[in-house]
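Working notes, beginning with the structure itself.
The values are calculated or read from the model by the stated rules, or taken from the named source; none is laboratory data. The model shown is predicted, which means the values in this text are computed figures rather than measured ones. Note: accessible area is taken over every heavy atom of the protein model, side chains too, but ligands, DNA and RNA are not part of it. Shrake-Rupley method; radii C 1.70, N 1.55, O 1.52, S 1.80 Å.
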Amino acid sequence: ITQSVVLDANNRSVFHVNLVPNGKDVFVSHQNGTYDLYTADLDGQDRRLVLAGTGSEIADLSLVVKPDGTRAALVSTRDNERDSSGDLLRTLTIINLSTGSSASVDHAEQIQLIDWIGNVLVYSTTAAGANDIDIQRNKLIAYDFDANSRVQLATANQFNAIISAQGNIYYTDSSTDPNAVLGLFKVRPDGTNRQRLSESEV
């Protein structure tokens, strides 16, 4: 970002110039009555609408921006998809922050964003209408947007916790499923190097 400053050569007083880091803020605003996605410089200038809301969104939104600032993952109800009972499903939308193009890549009763690891988005889903003891009810997924491919890292009736650290995903199953293999597990986002670090419920 470049800005020009004009100085008066005849004015010998001190001239202060305030600078901000060269970066973008990505945020959702309800200012116009819909939940719209914007970018702006860190000083608030150059505000730009990237993805207009559809009017189907509710306030329960989540947003995670890729560390290099090129893409964002948005969880909302913007697609107005519903389950067999008529309840709104969450939509996972990937947005190109430079072009404004977007794609819906998943729908579920609940979607939790975990982390961006390189070009891979790690998230979990809760299947709509699934039985409370169904081992496939919750899924841990790694989605590579560039390759349009996904890897199912784990399934569980319920995850007690999922965290990302140093390029690995750590997760724990819940004892609500009597057949679950309990413990603290570690796996790479491509599904390799799976390890069981603990043999008890965490």
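What to note about this one:
- Close amide-amide hydrogen proximity is noted between residue 128 and 109, each under 5 Å apart and 5 or more residues distant or on a separate chain (H modeled in the peptide plane; Pro and chain starts excluded).
- The mean of 1/r over all distinct Cα pairs in segment 25-141, once inverted, gives the Kirkwood hydrodynamic radius of 15.0 Å.
- Cα shape, segment 85-155, gyration tensor, a/c 1.5 rule: oblate
- Anchor residue 139: aspartates and glutamates whose Cα lies under 13 Å away (excluding residues fewer than 8 positions away in-chain): 106, 109, 173
- Each residue was assigned an accessible area with a 1.4 Å probe, and for residue 99 the value is about 100 Å².
- Candidate lysines - alpha carbon under 24 Å from residue 24, same-chain residues fewer than 8 apart omitted: 66
- Anisotropy class of the chain from Cα gyration tensor, a/c 1.5 cut: prolate
- Part-to-part distance (alpha-carbon centres) for segment 143-195 and segment 40-61, which is given in Å: 31 Å
- All Cα pairs of segment 105-202, percent lying beyond 21 Å: 29 percent
- The chain, accessible surface, carbon-and-sulfur percent (1.4 angstrom probe): 45 percent
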